[in-house]
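K.L.:
I'd like to ask you about the structure that follows.
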Amino acid sequence: MERDRNSVACLFALSFCVVLALPSLGQQNSSIVPNNFKLDMETAARLRPQLMEQSIPAAAGRYATGQQVFAKLVGQAELPAGLKVTWELRIVEDGMLNSYASPDGTVYVESGMAQLAGSSAGLWAAILAHEIAHVIGRDWARRYLYQRSLESGNAGIIVLDDPGTSPGSWSDSQKASADLGRFCRQLEVDADRAGLMLMARAGYHPDFVPALHHLLHAEESGATPSSLNAMHPCWEERDRELSAAYVSESIEFDHRWPERYASPGGNPPIVVFADEPKVRRMGSSQWEIQIPLRCQNLAGAVEVVLRAASAHPSLTRNLSEDSLEDANENVRQLTGCTSPKTTITFLLSSADRPRNSRWTDVYVVDSWGAILTRTDLPKLTR
Ligand SMILES: [Zn+2]
């Protein structure tokens, strides 16, 4: 059952995965969906009974925030001529961190993701606006048509594990997979961009999008490196691709909602962008670590925490916020992060580190200890 559910979810283009950054293609590969194309709606109708059985309506009490935000967003959504959908929000109670949209207008949020958004209307808006944008953009159909065009021009597509594949078609199929990966990553960034516009119109500050991306990235500590042809851009790539849209949609938001606190999503959240830390070896067992930070909407201070994790990989998973509070294992520093180019410097020696562990991550947490962002720390070599 679990496998069935996952394969159904994959058909609707998963939204939130970590993958390798590659340059985007721009708009040139965006296919147009012909008016008479119906396979997306037919597939949605075929899979609907199974998806309904595995999910519950969000209207139920504890997902009320999500339901209210969804209603506000779809109220602002403009459907292209000829596209008919029935908007509905459903929750898949499996504890996973994902969300996906069916072409028929049903958006599914897995309960781990729903819990991450909690009672924050802004975080719900960041999740839902992206999925609504996939439906409006008919992205399932665009992806299907692009894949078909690769197949007809390039017989080797999606046969990477075919034992009979010859070396020639192997390289063709590799190229086709890379092309499809790039196309899908572009669909994701386009959905982020269209979602930002929808959020600004409906009254949710665009800064909730990077805030959500950073929370999801923080959940991925110790994740295995992604594959070259992965279908989703990594969080850093998304931030980079969206930086201009964050600014323009923030201006749009302020124009429409001059009293930010009175907007449906309330004041924008604290957002911290952490660049890749720079490590310099200072002596036989001493290192200087510099972490460039940029903070938005911050009135107080944030804390930068270097986390030491057990060298045993199985113990580095399931990071809880508790483990960030363990004063013996982590090194921390407070900052007001007032400059647009704040750099936090740590001097570390191997004596600071608990035995059998290594420094793995940099976390930035707010004054209540809630995680704002995370970045990997390069390995400290002797
Ligand atoms: Zn997506």
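The values are calculated or read from the model by the stated rules, or taken from the named source; none is laboratory data. A quick note: this is a predicted structure, and the numbers were derived from the prediction, not measured. Here Cβ is always computed from backbone atoms with ideal geometry, including for glycine, and neighbour counts include all displayed protein chains.
K.L.:
What number of residues in the range 252-275 are polar (S, T, N, Q) and surrounded by 21 or more Cβ atoms within 10 Å (Cβ to Cβ)? Quick ask: steps written out before the conclusion?
P.N.:
To start, the set of residues in the range 252-275 that are polar (S, T, N, Q) comprises 263, 267.
If we keep only those that are surrounded by 21 or more Cβ atoms within 10 Å (Cβ to Cβ) too, we end up with 263.
The total comes to 1.
K.L.:
Ok, one more. Mind counting the residues in the range 93-115 that are under 13 Å from Trp140 (Cβ atoms) and out of contact with any Ser or Thr (no Cβ under 9 Å at 6 or more places or on another chain)?
P.N.:
0
K.L.:
Could you grab the pairs with beta carbons closer than 6 Å, sequence gap of 6+ or different chains, first residue in the range 89-116 and touching a residue at least 60 places away in the same chain (Cβ under 8 Å) and under 20 Å from Ala218 (Cβ atoms), second one part of a strand (DSSP E or B) and of a type in the set (Ser, Thr, Tyr)?
P.N.:
Filtered contacts from the range 89-116: Met113/Ser99.
K.L.:
Now for a different question. Taking Cys234 and the conditions (1) outside the structural domain of Tyr363 (by TED's automatic domain parsing); (2) farther than 30 Å from Leu380 by Cβ, which numbered condition does it fall short on, given that it satisfies the others?
P.N.:
With respect to (1) outside the structural domain of Tyr363 (by TED's automatic domain parsing); (2) farther than 30 Å from Leu380 by Cβ, Cys234 is out only on (2).
K.L.:
Can you tell which of Ser7, Ser31, Ser15 is at pLDDT below 95, of a type in the set (Ser, Thr, Tyr) and touching a Leu at 6+ places or on another chain (Cβ under 7 Å)?
P.N.:
On the way: Ser7 fails: touching a Leu at 6+ places or on another chain (Cβ under 7 Å); Ser15 fails: touching a Leu at 6+ places or on another chain (Cβ under 7 Å).
Of Ser7, Ser31, Ser15, the one residue that is at pLDDT below 95, of a type in the set (Ser, Thr, Tyr) and touching a Leu at 6+ places or on another chain (Cβ under 7 Å) is Ser31.
K.L.:
Hey, can you tell me all the residues within the range 182-212 that are surrounded by fewer than 23 Cβ atoms within 10 Å (Cβ to Cβ) and either without any contact (Cβ under 8 Å) to a residue 40 or more places away in the chain or over 16 Å from the mean Cα position of the chain (by Cα) (or both)?
P.N.:
Arg182, Phe183, Met197, Arg201, Gly203
K.L.:
Step by step: first the residues of the range 176-203, then only those that are in contact with a Phe, Trp or Tyr (Cβ under 8 Å, 6 or more places away or on another chain) and closer than 24 Å to Ile371 by Cα, then the one that is farthest from the ligand (Cβ to nearest atom). Which residue is that?
P.N.:
Taking the candidates together, the pick is Met199.
K.L.:
Would you pick out the residues in the range 254-280 that are farther than 26 Å from Gly336 by Cα and of a type in the set (Ser, Thr, Tyr)?
P.N.:
The answer is Ser263, and nothing else.
K.L.:
How many residues, within the range 241-251, are surrounded by fewer than 17 Cβ atoms within 10 Å (Cβ to Cβ) and over 18 Å from the mean Cα position of the chain (by Cα)?
P.N.:
The total comes to 3.
K.L.:
Additional query: Looking at the range 204-220, which of the residues that are more than 15 Å from the ligand (Cβ to nearest atom) and aliphatic (A, V, I, L, M) is nearest to Gly266 (Cα to Cα)?
P.N.:
The first filter runs over the range 204-220 and keeps only residues more than 15 Å from the ligand (Cβ to nearest atom), leaving 204-208, 210-211, 214-215, 217-220.
Still in the list and also aliphatic (A, V, I, L, M): 211, 215, 218.
Numbers: Ala211: 14, Leu215: 19, Ala218: 24 Å.
Going through the qualifying residues, I end up with Ala211.
K.L.:
Follow-up. Would you list the helices (runs of 4 or more DSSP H) that sit entirely within the range 64-161 and hold 1 or more residues that are surrounded by fewer than 23 Cβ atoms within 10 Å (Cβ to Cβ) and acidic (Asp, Glu)? Show your work before the answer.
P.N.:
On the way: elements: 64-76, 111-117, 121-136, 139-153.
Because the criterion is at least 1 residues that are surrounded by fewer than 23 Cβ atoms within 10 Å (Cβ to Cβ) and acidic (Asp, Glu), the helices (runs of 4 or more DSSP H) in the range 64-161 that meet it are 139-153.
K.L.:
Sticking with this one: Which condition does Ala351 not pass, out of (1) surrounded by 16 or more Cβ atoms within 10 Å (Cβ to Cβ); (2) at pLDDT below 90, if it passes all the others?
P.N.:
So the condition that Ala351 fails would be (1).
K.L.:
For the range 78-89, enumerate the residues that are among the small types (Gly, Ala, Ser) and at pLDDT 95 or above. Talk me through it step by step, then tell me what you get.
P.N.:
First pass over the range 78-89, keeping only residues among the small types (Gly, Ala, Ser): 81-82.
Residues satisfying the conditions do not exist here.
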